[in-house]
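Please read the structure below before turning to the comments.
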Amino acid sequence: MKHPLITEDDPQNSTVLKATDSSKFTGFGASAEFGAHVFKVNIPAGRAGEVVLTEDYGYLAGLEGTPEYEVRAILPRTKWGKLADAARKDFNARLRAQKVPPSSWKPQDNLLDRMLGKELCVLMWAAEHAGEEQLDAICMKWTALRPEERWWLYAMTAAQGGLAEDGKRGWRKALYYALSDIDVVEPRRAKRALMDDPKTISLFG
C-alpha cells in the first residue's frame, strides 16, 4: 500500500515515507532516519519532575537561522497522565490506519512525527493554566478537533508565542479558555489548511 502523499517523481524529495516499511519509523510515527525533523517528549520516571516537549530540527538546523532545537512546552508530571492517555489513543488510531506500528509513552525521550508533535503542543499549551478539574474537558475538546484544526491552532499560537516560556501570551491563554470550558460545545469544523515545509518528512501532512 502506498501512502497517499508519497512523491514518486523524486524519491529524495518525498514528503512522506512509505508506511508499509515499519523499520522506517520510531516512537509515534517519527522518521527513524538520522537528522529527521521530529518532536521529542521527555518524561521523567515517577510522578515528580516535568514533562518537556522539544522540537528537534535535525538537518534543518542552521538553515536560514533555524536553531538546533526549541523547547515548546513544559508541564508538571502530575498534569501529564490524562493528556498522555488522550494523545496516545488518538495518535495510535491514526498510525494504525497508516499501517504504522503504535507506540506508548515511556520514561525517556519519546519521538513523534512532526505534525503529531504540533498537535501535542496544542494539548499541552491548553493545559498550562488548567486545574485538575479542567483536564478532562481539555482532553475531550482536543480529541474532538480534526488534525487540520489542531495544525491551524498550532500555527496561530506559535506565531505569537510558541516557546515554553510564552505561556502568558495571547493565543496561549486563548487555547486554555477555548478548550477548558466545562460546557460541552460541538467544535466548529473549520476548513482551513496549514501550509508546511513540503520537504520535511511526515505521515500526516
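Annotations
- Phi angles of region 53-63 translate, via the Karplus equation with coefficients 6.51, -1.76, 1.60 and θ = phi - 60°, into HN-Hα couplings of 9, 10, 9, 9, 7, x, 5, 6, 4, x, 7 Hz per residue; Gly and Pro are given as x.
- 19 Å Cα-Cα threshold exceeded, pairs from LYS79/LYS173; LYS79/LYS141; LYS141/LYS168; LYS79/LYS99; LYS89/LYS141: LYS141/LYS168; LYS79/LYS99
- Cα Rg, Dmax, region 24-179, angstrom units: 14.7, 43
- Subtracting the Cα-Cα distance of GLU68 and LYS106 from 0.36 nm times their residue separation leaves 11.3 nm of extension gain.
Values quoted throughout were computed directly from the atomic coordinates according to the rules given, and no laboratory measurement underlies them. Remember, predicted model here, so these are calculated numbers, not experimental data.
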